[in-house]
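Everything below concerns the one structure shown next.
The values are calculated or read from the model by the stated rules, or taken from the named source; none is laboratory data. This one's a predicted model, so the numbers in the text were calculated from it and none came from an experiment. Note that we place each Cβ from the backbone using ideal geometry, even for glycine, and neighbour counts take in every protein chain shown.
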Amino acid sequence: MRLSYSKCGIGSFGLELKSLGRCNNCSEEALVNIRYSKKKLCPECFSEFFVRRVRKTVEEFRMFKPGERVVVAVSGGKDSVALLHALKKAFPEVDILSFYINLGIKYYSDHLQEKVGELAEKLRVPLEVYDLRSEGYTIDDFLMTKYKHKMCSICGTIKRNIFTRMAVKVEANALATGHNLDDTVSTMLSLFFNGDFESIKRLKPVINPLLPKHPRKIKPLITTPEIEDLYYVYLNKLPVGECDCPYGEITPIKDVKAILDKLEDKQPDVKFRLLSVFRKKLIPLIVDNREKGEEVLSCKICGMPSSSEICSKCRKVEELINLKRTAKYESIEIDDVKELGGDVVLLDVRTKEEFLISTLPGAINIPLEELEKRLAELKPYKKTHKILVFCNTGRISYSATLKMRNLGFRAYNLRGGLGLAGKASSLRKE
Ligand code: AMP
Ligand code: FES
Ligand code: ZN
């Protein structure tokens, strides 16, 4: 059985689930190797093992109790999809709701919304969708701002704010997210390297609310290795997003994740040990600002917890909306090269085979997956040229355009790609 694995920040690769002989629990064929506990399990026993651990984690850390309402933030990625399914299995009697935030990341957010809709319907869990466009902006808009190099961080600030607002609205006692063991330990390590101990506190399995009637934040997958979320989703045939966030690959956390994966080869339980050391030894040493007497206010605009009158999310969104109102909006997509003016490089990000069959006159070819590796070829144009990126449909070139903007290029996507008849002639450039 072959799985395509899209690991956040590290890209995609295939995984083969081969027969491992007999399952250690029953007589079926084992497909999953749980190295840290020396077990080989068949799909059914693996799913039971997975759900049992989620139940145990919820109970051990007292994440919620019977009679409480739990809202699950589902992004459509493998972690939160596995989380919603496993929570429903582990606690069939608990009142569980789900919600999705459409971040307006083109070609990505709408696709994930569809998958989350399918999942909620399959599991018969109520789903609420919040669309950032209802507030007049999208995450992509932040590419126009000084935060363009910190897209994931700004997106995180916005998501956390909306998670809490939505949970308060439905009067949930607990708000669950799909943060897994690998996310938690790699984030802890990179915060540690940066000396940002205050933020390490946020990575606890349970964070108590800062304001009355607010939910506690819980991470029922904190003891689940990332790869097992993938096995669970595929072995249970759950709907899951098939593309990565275009901003994902730029985060430095991928290096830390890769180091941990390497360590794990020789020490299969290293991630669990690190989690335990951070949780039991380091976090208790970190002084909470609230213990220092720092007041928690509620933001004057959105009412969410804040250390000043206006919270960080509302300040950043206000900055963005003002910019959109006053500055000339540098659109990310264009219909025609004539809109650009000046010197333009045509960049074909399709495969080499497609490029060799036909392309636009004068275009250079760097397939999307080679873009980071071959950036040096584009560097000479960084200051002097605009870059028009295209593919067949405008979809993968959009992702390439976002990446290039992030890296400081003046890149534009050709809306609709080469598929639109007549486009090629208007693109002919001397
Ligand atoms: P991330 O910060 O993207 O790694 O996501 C961490 C967790 O936040 C996910 O496992 C989900 O539980 C939740 N989450 C992320 N993005 C969304 C979204 N667009 N809508 C709802 N929940 C989300
Ligand atoms: Fe927020 Fe990728 S989902 S930056
Ligand atoms: Zn606010």
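Which of the residues belonging to the stretch 69-94 are more than 9 Å from ligand 1 (Cβ to nearest atom) and in a loop (DSSP other than H, G, I, E, B)? Passing the criteria: PHE91, PRO92, GLU93, VAL94.
Among helices (runs of 4 or more DSSP H) lying entirely in the stretch 139-235, which contain 2 or more residues that are within 16 Å of ligand 3 (Cβ to nearest atom), under 24 Å from LEU103 (Cβ atoms) and within 19 Å of the chain's Cα centre (by Cα)?
Working: elements: 151-169, 181-193, 197-200, 226-235.
Answer list for the stretch 139-235: 151-169.
One residue is enough: does the stretch 413-427 have a residue meeting the conditions touching a Ser or Thr at 6+ places or on another chain (Cβ under 7 Å), small (Gly, Ala, Ser) and modelled with pLDDT of 90 or more? Checking the stretch 413-427: not a single residue is touching a Ser or Thr at 6+ places or on another chain (Cβ under 7 Å), small (Gly, Ala, Ser) and modelled with pLDDT of 90 or more. The single residue among SER276, SER306, SER331 that is exposed (fewer than 14 other Cβ atoms within 10 Å of the Cβ) and at pLDDT 90 or above turns out to be SER276. Exactly one residue out of LEU132, LEU97, LEU123, LEU143 is in contact with a Lys or Arg (Cβ under 9 Å, 6 or more places away or on another chain) and closer than 18 Å to ILE332 by Cβ, and it is LEU143.
Restricted to the stretch 133-188, and to residues there that are of a type in the set (Ser, Thr, Tyr) and farther than 30 Å from ARG410 by Cα, the residue that is nearest to ligand 1 (Cβ to nearest atom) is THR177.
If you check SER47 against the conditions, is it polar (S, T, N, Q) and modelled with pLDDT under 95?
Numbers: polar (S, T, N, Q): yes; modelled with pLDDT under 95: no.
Spelling it out, it is not the case that SER47 is polar (S, T, N, Q) and modelled with pLDDT under 95.
If you scan the stretch 107-120, which residues turn out to be crowded, with 22+ Cβ neighbours inside 10 Å and assigned to a loop (DSSP other than H, G, I, E, B)?
Our first condition is that a residue be crowded, with 22+ Cβ neighbours inside 10 Å; within the stretch 107-120, this holds for 108-109, 112, 116, 119-120.
Within the stretch 107-120, just TYR108 meets the criteria.
The residues listed here are ASP269, ASP244, ASP288; of these, the one that is modelled with pLDDT under 85 and surrounded by 12 or more Cβ atoms within 10 Å (Cβ to Cβ) is ASP244.
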